[in-house]
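Peer 1: Have a look at this one.
The values are calculated or read from the model by the stated rules, or taken from the named source; none is laboratory data. If you're wondering where the values come from, they're calculated on a predicted model, not measured in any experiment. So basically every Cβ, Gly included, is an ideal-geometry build from the backbone, and we count neighbours across all protein chains shown. Side chains included, ligands, DNA and RNA excluded: accessible areas come from the protein's heavy atoms. Shrake-Rupley method; radii C 1.70, N 1.55, O 1.52, S 1.80 Å.
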Amino acid sequence: MVGAKSHKVLIFALMAGILAFFYLPIISLMVFSFNDSRSLTSWSGFSLQWYEALFKNREMMMAITTTLSIALMSTFVATILGTLAAIGVSKSKRLVKEIVLSVNNFPILNPEIVTAIGLMLLYSSLNIQKGYLTMLLAHIIFSTPYVILSVLPKLRRLDPDIAEAALDLGATPLEALWKVIVPMILPGIISGALIAFTMSFDDFVISYFVSGNGVKNISILVYTMSKRINPTINALSTILVVIITVVLLIVNLYPMLNKKKELKEAE
Amino acid sequence: MRKLIEFKNIVKSFDDSLVLKGINLSIHENEFVTLLGPSGCGKTTLLRILGGFISQNEGHVYFDDIEISNVPPYKREINTVFQRYALFPHMNVHDNIAFGLHIKKQDKQTIEQKVKKMLKLVNLQGYEDRPVTLLSGGQQQRVAIARALVNEPMVLLLDEPLGALDLKLRKEMQVELKKIQQEVGITFIYVTHDQEEALTMSDTIVVMNNGEIQQIGSPTDIYNEPENRFVADFIGESNILEGVMVEDYKVKFDDQTFECVDYGFEDNLEVDIVLRPEDIDIVPLEMGRIKGVIKSTIFKGVHFEVVVETPYREWIIHTTDKVELDKEVGLHFFPEDIHIMYKMGSY
């Protein structure tokens, strides 16, 4: 009995240690973003001055705007592209389906740096001026596969007669898509969109290589500023962490809430 | 009755297999037509061609004398009840039924009126707000029928709609479907592999096998005058034997010549002969021209199914009288009970 108990304590300690190892740096970063002094190690009192400084800093505000606008736009486009692609794939023959899915998995499994350099070389060879548009395009490219992967399982569970039933009742193919298919696969589309948003929001490697002309997102800005000690980075990072955490919570809780709702309806 | 639909020489193949081998068929107004055949005979394919979900490789489909082969499903005045209902799970009963009317942008009041009328027709008043996922199979079936009929189509297609229901519910729905068809007065085209269902409900039965029509006729025609061995075998139980048509009104089988009512065959033509089990009587040994021994008898509720063994074959006989096992008996039938058929090419 004693042995089993100490065993449990050991496991608990190990887990606490691992969690601390993962999250203490982030927690310390967040705590010191409210520090009164410049120091990143000694606490001298609560203050919001770094947040003030952040919101006064034009460069940082630009980066935040860039990040948010690119995340929103790339999510929007990737969600539509990915959903349509998934619907197309689900209706294709097996061979086509397998080829498209393998190609789709490639950017996900591929090291980001390879995608980044590939895109950079592509833009250079086509003589495209790197900047906001190239970054937006790259974000659409790397987040679309996640939408496809998230929508496909929903389509697989769809009764193939459903679309025909809609056509049969007088709906044009577009109406059938919009009024019947999309509502039925909506949970997959939403979680795909949320994943696309987080992927875009915190991307550094690809953004760094495909951007230029002074266009920076938050990750690039933090990277260029990290050489000097500047607690505004802490403030910015805290905001980033909070946003990502919220989105991830939604991504993970959404299916659960959905299931609960279904169960409730079933009663 | 006016001719409403005409199939002309419909050929359809999937990959390399020929599913429909030149179908010619006319369907009339207000007719309850059943496409009957074993699975894989092409009946569902023919229905899907009419619905517009697949297109034929050759041939034409006419609706009201207009070729509709290139008309998409959403522009055809035809609605379908799918095998697994295909209700929209994210909508309640009301919205499922109203779907087609919403698409046609009818005004709210009309929609409410029509939905209400349909719910009454299929006996689902008060179910408007139920999610369809919570309905029983029979109720989902009714919603599917209402959802199709509310659009006031000229033709309703039903693809084995009762297949998923249990026996008792199926019988109830058969009667109800027939009633609904008479009430709304439109053409129903019904696909099934269940011969009893076909006999119960149809005005016309189209028996199909291997992508070909075997026989078109009323239920009594199909049952009493099967065109060939396949139809006789598929519709009900029968004794099918081979024989020779000696001359008009005379057929020879089991080394005896019998009188029959069929004529117009070539003399000495080899033919198939059908004798329905309920048309054969078991009589005392000396009174029958065919003699055999009772080999088994099974109680079937209304009748006994008796197997009588003769030197040539085993006969299946339905009788309400109890018979003794191993007893030698005679078999008797009348000339009109003998039904002669041309041999099928494939047999």
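Peer 1: What Rg and what Dmax come out for chain B when only alpha-carbon atoms are used, in angstroms?
Peer 2: That works out to 24.2, 78 Å for Rg and Dmax.
Peer 1: With bins 10 Å wide starting at 0, give me the P(r) of the stretch A:83-262 over every alpha carbon pair, in whole percents.
Peer 2: Calculated over all Cα pairs of the stretch A:83-262, the distribution is 8, 27, 31, 21, 10, 2, 0 percent.
Peer 1: State which entries of A:Lys97/A:Lys154; B:Lys120/B:Lys178; B:Lys104/B:Lys171 exceed 27 angstrom in Cα-Cα distance in the structure shown.
Peer 2: Working: A:Lys97/A:Lys154 16 Å; B:Lys120/B:Lys178 16 Å; B:Lys104/B:Lys171 35 Å.
Distance filter (> 27 Å) returns B:Lys104/B:Lys171.
Peer 1: Which residues, if any, in the stretch B:91-137 have at least 20 Å² less accessible area in the whole protein complex than in the isolated chain, probe 1.4 Å?
Peer 2: B:Phe99, B:Ile103, B:Leu134
Peer 1: A follow-up question, please. Could you list the residues of the stretch B:1-17 with an amide nitrogen less than 18 Å from a label point located 7 Å from the Cα of B:Asp65 in the Cα-to-C-beta direction?
Peer 2: The answer is B:1-8, whose backbone nitrogens lie closer than 18 Å to the label point.
Peer 1: Computed FRET efficiency, Cβ-Cβ of B:His102 and A:Leu177, R0 25 Å: what is it to the nearest 0.05?
Peer 2: Values: r = 16 Å, r/R0 = 0.62.
Rounded to the nearest 0.05, the efficiency is 0.95.
Peer 1: Right, next: May I ask you to give the percent of accessible area on the stretch A:83-262 that is carbon plus sulfur, with a probe radius of 1.4 Å?
Peer 2: On the way: 6500 of 9250 Å².
Reported share for carbon and sulfur atoms: 70 percent.
Peer 1: If each of B:Lys3 and B:Val283 carries a label point 7 Å out from its Cα toward its Cβ, how far apart are those two points in nm?
Peer 2: With each label point 7 Å from Cα toward Cβ, the separation is 4.7 nm.
Peer 1: In addition: State the percentage of accessible surface on the stretch B:240-347 attributable to carbon and sulfur atoms; use a 1.4 Å probe and exclude ligands, DNA and RNA. Please list the in-between numbers first.
Peer 2: Working: 3110 of 6200 Å².
Within the stretch B:240-347, the accessible surface is 50 percent carbon and sulfur.
Peer 1: Could you please tell me the mean projected area of the C-alpha convex hull for the stretch B:1-126, averaged over all directions and given in square nanometres to one decimal?
Peer 2: On the way: hull surface 39.9 nm².
Over every viewing direction, the Cα hull of the stretch B:1-126 projects on average to 10.0 nm².
Peer 1: Total accessible area buried between chains A and B, 1.4 Å probe, in Å² to the nearest 100?
Peer 2: Numbers: alone 16700 and 17470 Å², together 32200 Å².
Summed over both sides, the interface buries about 2000 Å².
Peer 1: How large is the dipole of chain B about the Cα centre if only Lys and Arg carry +1 and Asp and Glu carry -1, each at its Cβ, rounded to the nearest 20 debye? Present the calculation step by step, with values, prior to reporting the outcome.
Peer 2: Details: 37 positive and 56 negative charges, 466 e Å.
It comes to approximately 2240 debye.
Peer 1: Moving to a separate point now. What FRET efficiency, computed as 1/(1 + (r/R0)^6) with R0 = 45 Å and r the Cβ-Cβ distance, is obtained for A:Arg38 and A:Arg156, rounded to the nearest 0.05? Don't jump to the answer; show the numbers that get you there.
Peer 2: Details: r = 55 Å, r/R0 = 1.22.
Computed FRET efficiency for A:Arg38 and A:Arg156 comes out at 0.25.
Peer 1: So how much slack lies between A:Lys56 and A:Leu68, counting 0.36 nm per residue of separation and subtracting their Cα-Cα distance, in nm? Walk me through the intermediate numbers first.
Peer 2: Numbers: separation 12, 0.36 × 12 = 4.32 nm, distance 1.77 nm.
Residue separation times 0.36 nm, minus the Cα-Cα distance, leaves 2.5 nm.
Peer 1: Also: Which distance in Å, rounded to a whole number, links the C-alpha centroids of the stretch A:1-77 and the stretch B:223-281?
Peer 2: 91 Å
Peer 1: Give me the one-decimal Kirkwood hydrodynamic radius in Å for the stretch A:57-152, with the sum taken over alpha-carbon pairs.
Peer 2: Working: mean 1/r = 0.0678 Å⁻¹.
Evaluated over the stretch A:57-152, this radius sits at 14.8 Å.
Peer 1: Right, something else. What are the semi-axes of the equivalent ellipsoid of the stretch B:169-229, taken as the square roots of 5 times the eigenvalues of the Cα gyration tensor, listed largest first and rounded to whole Å? Walk me through the numbers before you get to the answer.
Peer 2: Numbers: eigenvalues 99, 29, 25 Å².
Equivalent ellipsoid of the stretch B:169-229: 22, 12, 11 Å, largest first.
Peer 1: What does the accessible area per residue of the stretch A:1-104 come to in Å², with a 1.4 Å probe and no ligands, DNA or RNA counted?
Peer 2: On the way: 7340 Å² over 104 residues.
Heavy-atom accessible area per residue stands at 71 Å².
Peer 1: Related question: Using the Kirkwood radius built from alpha carbon pairs, what does the Stokes-Einstein equation give as D for the protein assembly as shown at 10 °C and 1.306 mPa s, in µm² per second?
Peer 2: Values: Rh = 31.0 Å.
It diffuses with D of about 51 µm²/s by this estimate.
Peer 1: Counting only other chains, and only Cβ atoms inside 10 Å, what mean value do you get across the residues of A:154-167?
Peer 2: Working: counts 0, 0, 0, 0, 1, 7, 3, 9, 7, 2, 8, 15, 7, 9.
Mean shielding by partner chains, rounded to a whole number: 5.
Peer 1: Can you work out the PRE-style zone for B:Glu29? Point 7 Å along Cα to Cβ, and I want the residues of the stretch B:174-208 with backbone N under 13 Å.
Peer 2: From the stretch B:174-208, the list is B:185-187.
Peer 1: Using just the helices of chain A, give the 222 nm mean residue ellipticity in deg cm²/dmol: DSSP H runs with n ≥ 4 each add -39,500 (n - 2.57), and the total is spread over all residues, rounded to 500. Can you show the working numbers first?
Peer 2: Numbers: 12 runs with 209 residues, N = 267.
About -26500 deg cm²/dmol.
Peer 1: Shielding of A:168-178 by partners, i.e. mean partner chain Cβ atoms within 10 Å per residue?
Peer 2: Working: counts 18, 18, 14, 7, 4, 3, 0, 3, 3, 0, 0.
That average works out to 6.
Peer 1: If you build a Gaussian network model of chain A, linking Cα atoms that sit under 10 Å apart, which residue out of A:Ser207, A:Ser47, A:Ser191 swings the most?
Peer 2: Looking only at A:Ser207, A:Ser47, A:Ser191, the largest GNM fluctuation is found for A:Ser47.
Peer 1: Related question: Under the rule of at least 5 residues apart or a separate chain, name every residue whose amide H is placed under 5 Å from the amide H of B:Gln215.
Peer 2: The list, which skips near neighbours in sequence, is B:Val207.
Peer 1: To continue, here is another question. Hey, in the GNM for chain B with a 10 angstrom Cα cutoff, which one of B:Met91, B:Met201, B:Met154 fluctuates hardest?
Peer 2: Taking springs between Cα atoms under 10 Å, the residue moving most is B:Met91.
Peer 1: For the stretch A:80-89, in order, what is each residue's ³J(HN,Hα) by Karplus, 6.51 cos²θ - 1.76 cosθ + 1.60 with θ = phi - 60°, in whole Hz (x at glycine and Pro)?
Peer 2: Computed from phi, the couplings for the stretch A:80-89 are 5, 4, x, 5, 4, 4, 4, 4, x, 4 Hz.
Peer 1: Compute the label zone of B:Thr200 within the stretch B:208-245: residues whose backbone N is under 18 Å from the point 7 Å along Cα-to-Cβ.
Peer 2: Label zone hits: B:219-220, B:223, B:235-237.
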